[in-house]
Amino acid sequence: MPWLLALFALAVSLVAVVPLIYIVVRALSADPATWQRLWVGQMPDLLVQSAALLAGTIAFTLVVGIAAAWLVERTDLPGRGVWRVLLALPLAIPGYVAAICYIILLRRGGVVERLAMDLGGFARGEVPLPPLYNLGGAILIIGLVSYPYIYLPTAAALRAVDRSLEEAARMSGRSAWKTFRSVTLPLVLPAVAGGALLVGLYVLSDFGTVAMLRYRTFTTAIYNQFSGQIDRSGAAILSLVLVALALPLLFGEGWFSRRQRRLTADTAWRPRQLIQLGRWRWPALFAVTVVVMLALGFPLLVLGGLSIQGWLFPSEADRIWGINNEGILAFGLNSLVLSATAATLATLLAMGPLYLAVRFPSRFSMALLTLSRSPFALPGIIIGLAFVLLLNRWVPILYGTIFALVFAFIFRLLPQSLSTGESALRSVAPSLEQAARTMGASPARTFWRVTLPVAAPGIAASWALVFITAMKELPTAILLRPPGFDTLPVRIWAAASESVHTQAAPPAFLLILLTTLTLLPLMHSRLGIDRAMQDNL
Amino acid sequence: MDGTTLISFDQVEKRYGTTEAVRAVSFAVERGSLVALLGPSGCGKTTTLRLIAGLEAPDAGRIWLDGRTVAGKGAWVAPDARRVGMVFQDGALFPHLTVAQNIAFPLNTRNGRGRVEDLLALVGMPGYGERFPHQLSGGQQQRVALARALAPQPSVVLLDEPFSRLDAALRASLREEVRAIVKQTGATTVFVTHDQEEALSIADRVVVMFDGEVAQTGTPQEVYTRPATRAIATFVGEANLLRGEANGLMAECALGRMILATPAHGPVDIMVRPEAIELRAVRDGAARIERIRYFGHDQAIQLCLRDGSQLDVRSLPRPDLTAGQQVDLFVRGVVVAYPR
């Protein structure tokens, strides 16, 4: 084991666990009275609320994700090539943006009410509008942006299932449907379950969506504890409980993604026979259209429309908020530079523990990998919080600087870089590196000239996914941004917390435009997103 | 359609995009027989097998199975309703089920248990029911796959190159066992192979396919000794092709006068199998030994005739023959001629 690499990996993984350790220490050293107050006053409510949101969202995404994957991969759904891509794109839409879009649509005086009054002859206040600020609204909106976590790995697993297994089931007298239920579904179940746990982690760590929909969960409670109190150990206590909830999901996800690889093998060279939908063709097409419209179409239409309206006919509010092209572009540039820097640094840092674990597997290297992955269980709000507390205590000079923000972002992104980058590194056959070594290349030169170029497509895909996460990241940015340095999410958040949602439209539109455009090329590359998804996100 | 025919293909065609995998294929399989579909890779033999199974639908033509039309002329019977068992190239055992669960998969749950034990005994693997597929060797996996295919007592068992992933020794012993097992159950069996030795040694009848068409159908002896075309002759075994002149049942060539199996006239290529040639060492013969390759149980001898042409001969190991020696040669039995 090269000691320089080991030292680098050790440094990365030790630094990665600092926020987690700090949160634990801070929570455990808190005043017992604070524990008592929170345990009795807040915990039962928060647990029930979070559990309901978790169960509802997972159920919703399971139905949508599995059905969409099956329709696109296994049936003669018209236009399946296009739907395959469109169905994955909501991954690029942050939950809080979807929430804002539906608030604009469905609030009193919103788009739908005005349309109903103009066209349907309803009186003001009489239009029946579905309520958004409740459990159902939160499930729907979080579900619409998180079902790709199930759809993508399930679709990839459906493609990977050895087709002779299904044919063997048909030859054994099972109908097409029974074959799907008794053979295909059990085979793709690890992928489905892994995806469901990722949805669970998403739900637990989500802050923006539930904050905008005023649904109380741990993340919003932590934020309130943090911003409204002088003693911040209450926030640490809630964080500790939230991490304890998230850890089983994280370990479960890792367990399922390892099972996945053992179960499927791809030997298909003939085109798979597609299931004829027959008269279910049009209902299926309708269902897929509804999902894509709700998750992708409406947000783009509403936000795009409002942005253009504000740009062509600026209102009084627009003038007060100073929404203009230069402003929006400056926020966009801030977001781009911050996200690109953090994503690049996170990808580079991840290479240390990853390369060590892939090429020199041992208990030591695996432990380092697990340690560096541990921030995955930390929602962005907790990472932000830990950084604020740590910096204030030890290096107050850094607090409120761009360095602190970049540093916190790297932490937030590191676990994802590790997960998505692992498959890229594993795709490089050791014999390639050994061949380079026999030809006299040094280890560093081998990595630079052989490993990196061969793994490049996978690493690029990994970087893009990490970059998208960084672009969407809200809580870390809110807590740590230097004064005057607004990113797109921060700007959206500011407008939405003042309840001027229309002002959030231009930055939100620019944000999802940028993230969607980053995601789109990944959908075409063979080394792309579903591979990375299968090796968890 | 008489009572002894179980499977029948009539002008069946199958295309993948623009490639014609199978074109105008017709043949029949007798009830209870063991038939080999033999041909080089890409000849359409696996597609033919999958057409019998119902895993592919023909683009034209008609397929009969057990007295009814299962494909063509508007008819279509789904694979699960055909009462056909299939063994896939890689076994296709369900990795999430045990051996017993795999075998019981096509069975009704009620009478499952005892039948599974019987089948495991039949394929020579009693007591393996609780293992998982990944705990078995390649040969064992194929046995379990066969047991699963036989479980519902199908009228037809299909095998898609079932031995191709095994090593040579295991392949030879397993194919004998498989023949014994399917004969014992009385199931009609169709198997695909590109290995002529495999086809000739265990099949009752051989269907030779080239380029998506049936080139010849016959017993192993017929296919080997009377190949219908030059291509079949060289594919099912080693063959010498000699220029000659035919006149009815007689033909003249560099080896002298020979008896033809079927009458021909004019210029022909005469096919002589290497083992049909006998050599006698003489001082001044018709040919000279160029090279001898020794295999133990026999040897391959390369001859150079007076006119400079090459000839391959197979003989038992003979200490009296060495390279450079002059020999005379005789052809045993009748030979086949192809018009030139």
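Listed values, structure above:
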{"item": "B:Val35, sole failed condition from (1) open to solvent by less than 40 Å² (accessible area, probe 1.4 Å); (2) under 23 Å from B:Gly186 (Cβ atoms); (3) more than 19 Å from the chain's Cα centre (by Cα)", "result": "(3)"}
{"item": "Candidate set: the range A:492-517, residues that are open to solvent by 30 Å² or more (accessible area, probe 1.4 Å) and within 20 Å of the chain's Cα centre (by Cα); chosen: the one farthest from A:Gly95 (Cα to Cα)", "result": "A:Leu517"}
{"item": "Listing of helices (runs of 4 or more DSSP H) fully contained in the range A:290-366 that carry 1 or more residues being modelled with pLDDT of 85 or more and open to solvent by 60 Å² or more (accessible area, probe 1.4 Å)", "result": "A:298-312, A:325-359"}
{"item": "Residue in the range A:106-123 that is crowded, with 19+ Cβ neighbours inside 10 Å, assigned to a loop (DSSP other than H, G, I, E, B), away from chain B (no Cβ under 14 Å) and in contact (Cβ under 8 Å) with a residue 60 or more places away in the chain present", "result": "no"}
{"item": "Failed item in (1) facing chain B (nearest Cβ under 10 Å); (2) open to solvent by 20 Å² or more (accessible area, probe 1.4 Å); (3) of a type outside the set (Val, Ile, Thr), with A:Arg159 passing the rest", "result": "(1)"}
{"item": "Cross-chain or 6+ apart pairs with Cβ under 6 Å, the range A:295-312 first and under 17 Å from A:Pro94 (Cβ atoms), then open to solvent by 30 Å² or more (accessible area, probe 1.4 Å) and modelled with pLDDT of 90 or more", "result": "A:Leu303/A:Phe509; A:Gly304/A:Phe509; A:Ser307/A:Phe509"}
{"item": "Residues of the range B:283-299 satisfying the condition of being in a strand (DSSP E or B) and crowded, with 16+ Cβ neighbours inside 10 Å", "result": "B:Ala287, B:Ile289, B:Ile292, B:Gln299"}
{"item": "Matching residues in the range B:202-220 - criterion: being open to solvent by 60 Å² or more (accessible area, probe 1.4 Å) and over 18 Å from B:Arg31 (Cα atoms)", "result": "B:Asp211, B:Glu213"}
{"item": "Breaking point among (1) surrounded by fewer than 16 Cβ atoms within 10 Å (Cβ to Cβ); (2) touching a strand residue (DSSP E or B) at 6+ places or on another chain (Cβ under 9 Å), for B:Leu65", "result": "(1)"}
{"item": "Conditions (1) surrounded by fewer than 18 Cβ atoms within 10 Å (Cβ to Cβ); (2) assigned to a helix (DSSP H, G or I); (3) out of contact with any Pro (no Cβ under 9 Å at 6 or more places or on another chain): number failed by B:Val223", "result": "(1)"}
{"item": "The range A:170-184 - residue that is assigned to a loop (DSSP other than H, G, I, E, B) and touching a helix residue (DSSP H, G or I) at 6+ places or on another chain (Cβ under 6 Å) and, of those, surrounded by the fewest Cβ atoms within 10 Å (Cβ to Cβ)", "result": "A:Ser175"}
{"item": "Count of the range A:94-117 residues which are within 21 Å of A:Tyr151 (Cα to Cα) and in contact with a Pro (Cβ under 6 Å, 6 or more places away or on another chain)", "result": "1"}
{"item": "Criterion: within 28 Å of B:Ile202 (Cβ to Cβ) and more than 12 Å from chain A (Cβ to nearest Cβ) - qualifying residue of B:Gln153, B:Gln142", "result": "B:Gln142"}
{"item": "Within the range B:34-67, tally of residues that are small (Gly, Ala, Ser) and either touching an Asp or Glu at 6+ places or on another chain (Cβ under 6 Å) or away from chain A (no Cβ under 13 Å) (or both)", "result": "5"}
{"item": "Of all residues making up the range A:392-416, the number that are out of contact with any Gly (no Cβ under 8 Å at 6 or more places or on another chain), within 21 Å of A:Val337 (Cβ to Cβ) and open to solvent by less than 60 Å² (accessible area, probe 1.4 Å)", "result": "11"}
{"item": "Failed item, numbered, when A:Gly484 is tested on (1) closer than 22 Å to A:Tyr223 by Cα; (2) touching a helix residue (DSSP H, G or I) at 6+ places or on another chain (Cβ under 8 Å)", "result": "(2)"}
{"item": "Yes/no for A:Val428 being assigned to a loop (DSSP other than H, G, I, E, B) and in the same structural domain as A:Leu348 (by TED's automatic domain parsing)", "result": "yes"}
{"item": "Selected residue [touching an Asp or Glu at 6+ places or on another chain (Cβ under 8 Å) and either more than 14 Å from chain B (Cβ to nearest Cβ) or open to solvent by 40 Å² or more (accessible area, probe 1.4 Å) (or both)] from A:Val82, A:Val127", "result": "A:Val127"}
{"item": "Which numbered condition A:Glu473 fails, given (1) at pLDDT 85 or above; (2) farther than 30 Å from A:Leu390 by Cβ", "result": "(2)"}
{"item": "Residue that is surrounded by the most Cβ atoms within 10 Å (Cβ to Cβ) [pool: residues in the range B:68-84 that are facing chain A (nearest Cβ under 7 Å) and part of a helix (DSSP H, G or I)]", "result": "B:Pro79"}
{"item": "Residues (open to solvent by 50 Å² or more (accessible area, probe 1.4 Å), touching a residue at least 40 places away in the same chain (Cβ under 8 Å) and either farther than 19 Å from A:Met171 by Cβ or in a loop (DSSP other than H, G, I, E, B) (or both)) located in the range B:130-185", "result": "B:Pro152, B:Arg165, B:Glu177, B:Arg179, B:Lys183, B:Gln184"}
{"item": "The range B:85-99, subset within 19 Å of B:Gly129 (Cβ to Cβ) and part of a loop (DSSP other than H, G, I, E, B), residue farthest from the other protein chains (Cβ to nearest Cβ)", "result": "B:Thr98"}
{"item": "Verdict on A:Ala193 being open to solvent by 20 Å² or more (accessible area, probe 1.4 Å), part of a helix (DSSP H, G or I) and within 14 Å of chain B (Cβ to nearest Cβ)", "result": "yes"}
{"item": "Residues (assigned to a loop (DSSP other than H, G, I, E, B) and exposed (fewer than 13 other Cβ atoms within 10 Å of the Cβ)) located in the range B:300-317", "result": "B:Arg306, B:Asp307, B:Gly308, B:Leu316, B:Pro317"}
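Let's see how each residue does on (1) touching a Leu at 6+ places or on another chain (Cβ under 7 Å); (2) within 10 Å of another protein chain (Cβ to nearest Cβ); (3) modelled with pLDDT of 85 or more:
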site: A:Ser172; (1), (2), (3): no, yes, yes
site: A:Phe180; (1), (2), (3): no, no, yes
site: A:Pro186; (1), (2), (3): no, yes, yes
site: A:Leu197; (1), (2), (3): yes, no, yes
site: A:Ser205; (1), (2), (3): no, no, yes
site: A:Arg214; (1), (2), (3): no, no, yes
site: A:Thr217; (1), (2), (3): yes, no, yes
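This table checks each residue for (1) in contact (Cβ under 8 Å) with a residue 40 or more places away in the chain; (2) closer than 21 Å to B:Asp59 by Cβ.
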position: B:Thr4; (1), (2): no, no
position: B:Phe9; (1), (2): yes, yes
position: B:Gly17; (1), (2): no, yes
position: B:Val22; (1), (2): yes, yes
position: B:Ser26; (1), (2): yes, yes
position: B:Val29; (1), (2): yes, no
position: B:Leu34; (1), (2): yes, no
position: B:Leu38; (1), (2): yes, no
position: B:Ser41; (1), (2): yes, no
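The values are calculated or read from the model by the stated rules, or taken from the named source; none is laboratory data. What you see is a predicted model, and the numbers here were worked out from it, not measured in a lab. Don't worry about glycine lacking a Cβ; one is built from the backbone with ideal geometry, like all the others, and counts go over all protein chains shown. Note: areas computed on protein heavy atoms with side chains; ligands, DNA, RNA excluded. Shrake-Rupley method; radii C 1.70, N 1.55, O 1.52, S 1.80 Å.
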